[in-house]
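**Q** Encoded as structure tokens, here's the structure I'll be asking about.
The values are calculated or read from the model by the stated rules, or taken from the named source; none is laboratory data. Every value quoted in this text rests on a predicted model; they were computed, and no experiment measured them. Don't worry about glycine lacking a Cβ; one is built from the backbone with ideal geometry, like all the others, and counts go over all protein chains shown. Only protein heavy atoms, including side chains, enter the accessible area calculation; ligands, DNA and RNA are left aside. Shrake-Rupley method; radii C 1.70, N 1.55, O 1.52, S 1.80 Å.
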Amino acid sequence: MPHLFYGTPRNGEIVFDEREAHHMRVVRLKEGETVEATDGEGFSYTCVLIELKKSKATAKILKTEKKEEEPSEKLKVIVPVGRWERTRLLIEKCVELGVDEILLYRFERSQHSVSLEKSLLVVREAAKQCRRFLFPKVKMMENLDFDEKVITLDPDGSVNLLEMDVSGSITIVVGPEGGFSEREKELLKKRTILVNLGRKILRFETAAILTVGYIALRKQKI
């Protein structure tokens, strides 16, 4: 499988940053070779590499192709801010499984913080690895306000995931490692559908990956 690089189209060329230039050197690319790039907006660019330096690279665009369109039905996941290695894993799997928006939220019992910049880099690398041309949007969420169908993963939920209607846009709320506060539980109970995944108590990232994978498969997003 050929490597996919991320760059910015500009005046008939693609400009790659230092991170991408390093990737090119690692895979031993040379000036004059053909590479494939994406801008993360759904386009694929077939290019010839004309400059490869330590801090950047440039390629001339030979062919442009629209690979992915913005979907009419969105799949969003509210990712709890937790320990970075676990949050990172969840962001990575959301990208691979076709999530359209990743919303980072610090619940009341969250004891960690997260960098938006680091999260965007995880999205970039995961999208390149799975050859995804339309990158998911990543945002910091300020409060639990919803305007569409929302499900909350809860062991005591009255609806089982297998019985759920997955039509339309869906937002999945994943709780933090320490669970929801009482205030959050009441709010989510009023505003969302509480969904259970069966008899076992799962870690938050396991529950999220299972749910996202199931819904993504049903909605043919992967």
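**Q** If you place +1 on the Cβ of every Lys and Arg, -1 on the Cβ of every Asp and Glu, and leave all else neutral, what size is the dipole of the stretch 124-222 about its Cα centre, to the nearest 20 Debye?
**A** With Lys and Arg at +1 and Asp and Glu at -1, about 560 debye.
**Q** Is the stretch 30-137 best put as rounded, prolate or oblate by its Cα gyration tensor, with a ≥ b ≥ c the root eigenvalues, rounded for a/c under 1.5, and otherwise prolate when a/b is larger than b/c, oblate when not?
**A** Oblate, since a/c reaches 1.5 and b/c is not below a/b.
**Q** Also, I was wondering about something else. In the stretch 1-59, what percent of the accessible surface is made up of carbon and sulfur (1.4 Å probe, ligands and nucleic acids excluded)?
**A** Roughly 49 percent of what the probe reaches on the stretch 1-59 is carbon or sulfur.
**Q** Say the dipole of the stretch 1-123 comes from +1 at the beta carbon of Lys and Arg and -1 at that of Asp and Glu; which of PRO9, ALA37, TYR105 then lies farthest toward its positive end?
**A** Value: TYR105.
**Q** Given a 1.4 angstrom probe, what's the average accessible area per residue across the stretch 1-108, in square angstrom?
**A** Numbers: 5540 Å² over 108 residues.
Counting only protein heavy atoms, the per-residue value for the stretch 1-108 is 51 Å².
**Q** With bins 10 Å wide starting at 0, give me the P(r) of the stretch 98-173 over every alpha carbon pair, in whole percents.
**A** 14, 39, 36, 11
**Q** Same structure again: How much accessible area per residue does the stretch 157-204 have, counting only protein heavy atoms and a probe of 1.4 Å, in square angstrom?
**A** For the stretch 157-204, the solvent-accessible area averages 59 Å² per residue.
**Q** Let me ask you something else. Kindly write out, for the stretch 31-44 in residue order, the coupling ³J(HN,Hα) from the Karplus curve 6.51 cos²θ - 1.76 cosθ + 1.60 (θ = phi - 60°), rounded to whole Hz, with x marking Gly and Pro.
**A** 4, x, 7, 8, 10, 10, 10, 9, 9, x, 10, x, 9, 10
**Q** Hey, another quick one. Which ³J(HN,Hα) values in Hz, rounded to whole numbers, follow from the phi angles of the stretch 131-144 under the Karplus curve 6.51 cos²θ - 1.76 cosθ + 1.60, where θ = phi - 60° and Gly and Pro get x?
**A** 6, 9, 9, 10, 6, x, 6, 10, 9, 8, 9, 8, 8, 8
**Q** Of the beta bridges DSSP finds with both residues in the chain, what % are antiparallel, to the nearest 5?
**A** On the way: 22 of 47 bridges.
Among the beta bridges of the chain, antiparallel pairing accounts for roughly 45 percent.
**Q** May I ask you to evaluate 6.51 cos²θ - 1.76 cosθ + 1.60, the Karplus curve with θ = phi - 60°, for each residue of the stretch 192-206 and list the ³J(HN,Hα) values in order in whole Hz, giving x for glycine and proline?
**A** 9, 8, 7, 10, 9, 10, x, 7, 8, 8, 9, 5, 4, 6, 5
**Q** Using modelled backbone amide H atoms (1.01 Å from N, in-plane), which distant-in-sequence or interchain residues come within less than 5 Å of TYR6's amide H?
**A** Under 5 Å from the amide H of TYR6 lie the amide H atoms of THR38, each far enough along the sequence or on another chain.
**Q** Taking semi-axes √(5λ) of the Cα gyration tensor in Å as the quantity of interest, determine which of (i) 37, 18, 14; (ii) 34, 22, 14; (iii) 41, 19, 15 was computed from the displayed structure.
**A** Matching the structure shown: (i).
**Q** Rounded, prolate or oblate: which fits the stretch 140-217, taking a ≥ b ≥ c as square roots of the Cα gyration tensor eigenvalues, rounded meaning a/c under 1.5, else prolate when a/b beats b/c? Before the final figure, lay out the partial values.
**A** Details: a/c = 1.43, a/b = 1.12, b/c = 1.28.
Rounded shape, in that the Cα axes give a/c under 1.5.
**Q** Rounded to the nearest 20 debye, what is the charge dipole size of the chain about its Cα centre when +1 sits on each Lys and Arg Cβ and -1 on each Asp and Glu Cβ?
**A** Here the size comes out at about 540 debye.
**Q** Excluding GLU41 itself, what net charge comes from residues whose Cβ is under 12 Å from its Cβ, given Lys and Arg +1 and Asp and Glu -1? Display every interim value, and only then the final one.
**A** Numbers: positive: LYS66, LYS67, ARG132, LYS137; negative: ASP39, GLU68, GLU69, GLU70.
Here the charged neighbours net out to 0.
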